[in-house]
Structure formats: C-alpha cells, structure tokens
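**Student:** Have a look at this one before I ask anything.
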Amino acid sequence: MMEDIGIRYTSKRIRFGLVILIIATLVDILSFSTAAWGYIIQVSKGPYSSDTSYGLWHSCPGAVMITGTIWECNSYYNINPRGLFTVTYIDITAETHGWFKVTQAVETLGFIGTVTALFILLGYIFSRSLHESKLALLVLMLLGFLSAGFIILGVIMFAVMWDVDILGTYVGIHLEVHLGYSMVLALFACALDIVAACAVIAEVRRISHDDDDL
C-alpha cells in the first residue's frame, strides 16, 4: 500500500520545517534587497551630516541629524557591476575593497541554498518519488547548514571589514561607520536555516526508528 502524500499526511516536524523555511526565505529576501547593511556618516559642522546607507546591491544617500534620531532616504542608486558606490567624494570599489564582492558572492550562495531547500521540501511533501527517498531529506539537511554557513560567513566578513577597511582607508576624514538592520535580518535567516535543518534531522531519526521497529 502506497503512503499518502500532501500537507495533511506530512509529519509535524516537516510542516514545522516548511513554515520555518518559508520565513527564512522571506527574511533573506529582505536582507538581500534592502540598502541597510552598513552606514557611512560624514559629519559636518552644521546640524546635519552627509549619510549614505549601503546594501549588497544598491545604496541610499540621505540626510541624518548628528544625534541619529532622524533619517530620510532621498533616492536609491544601483551599485554598478564593478561594485562602485560613493558617499560624497568617497569611492568604494571592488578593486580596493574585494571583500565586498566576496560578501556578495557568499550571501548569494546562502540565498540560493535557502530557496533550493524550500523547493526540495515542497517536492518532498507533494511528490511521491521524493517523499519515498531518504536522500531528499539528507540533501535538505546539507543545504540548511551550508546556507547558514555561507550567510554567517558573509555577515562576519562585512561586520569586520566595514569598520576596519573604511576607517583605515580614509584617514583624516571625519567619518562614522555603523552596521544596519539588513545584516541583522541575514543573521535571523541564518538561524532559521539551522532550525529547519534540525527539524529535518528529527524527521530522519523518526523514520530510522520506525524502520528499526519493523
């Protein structure tokens, strides 16, 4: 007798993992697309300072009070293929800041891994051939941990280099550098990927236990 497939016939662990992966994908999309991984503030003598926020793919110049209580984004600018973006007369390029390209690369791999894991899990739930394959669950486990690893690697690289490299390069310019909420979202997505992988591990153990009882 063939086992029924679909959400109704899926274990609570897999349904939990599905919900977690959906949330992880949405959070990762927000982290991936928003321009708030880091801020560079060039302080002036007036009540306002020149401020630009940066994402992985575009920047957003605006104005912020020195107290940091008011933020207004004026417009978005795409980061060109060479990785060039500016704040006033400060240029950040892939040639002199290669870590930025590496961050883009590993965060992209983490995002692809998360989305791929989501589609494989949906296939496991609704496809009989995948549902009967323990290999699909093993691939899900691997993707979950790999995606989390790529994401956290990008976060660590950005967090370290954003401060050290920017301030070390532009000595003599009154700059303040800060990390933004987009990076926090990436960390949240990383944690969710790990939780989803752990849910799959629990399901594999359950299946192995049931096989041993037969």
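The values are calculated or read from the model by the stated rules, or taken from the named source; none is laboratory data. If you're wondering where the values come from, they're calculated on a predicted model, not measured in any experiment. What goes into the accessible areas is simple: the full protein's heavy atoms, side chains included, and nothing from ligands, DNA or RNA. Shrake-Rupley method; radii C 1.70, N 1.55, O 1.52, S 1.80 Å.
**Student:** Just to verify a number: what accessible area does residue 161 come out at with the full protein assembly present, 1.4 Å probe, Å² rounded to tens?
**Tutor:** 60 Å²
**Student:** Quick check: with the 1.4 Å probe, what order do 193, 165 take by accessible area, largest first? All intermediate terms of the calculation are to be shown ahead of the outcome.
**Tutor:** On the way: 193 0, 165 30 Å².
Per-residue accessible area, sorted high to low, gives 165, 193.
**Student:** For segment 153-165, take each phi angle, set θ = phi - 60°, evaluate the Karplus expression 6.51 cos²θ - 1.76 cosθ + 1.60, and give the result in whole Hz per residue in order, putting x for glycine and proline.
**Tutor:** Working through the residues one at a time gives 4, x, 5, 4, 4, 5, 4, 6, 6, 4, 6, 5, 6 Hz.
**Student:** Can you give me the solvent accessible area of residue 33 with a 1.4 Å probe, rounded to the nearest 10 Å²?
**Tutor:** 60 Å²
**Student:** How large is ³J(HN,Hα) for each residue in segment 132-137, as worked out from phi by the Karplus curve 6.51 cos²θ - 1.76 cosθ + 1.60 (θ = phi - 60°), to whole Hz, x for Gly and Pro?
**Tutor:** Couplings: 8, 10, 6, 4, 4, 5 Hz.
**Student:** Of 176, 107, which has the most accessible area with a 1.4 Å probe, and how do the rest follow in descending order? Let's see the in-between values first.
**Tutor:** Details: 176 65, 107 0 Å².
Most to least solvent-accessible, the answer reads 176, 107.
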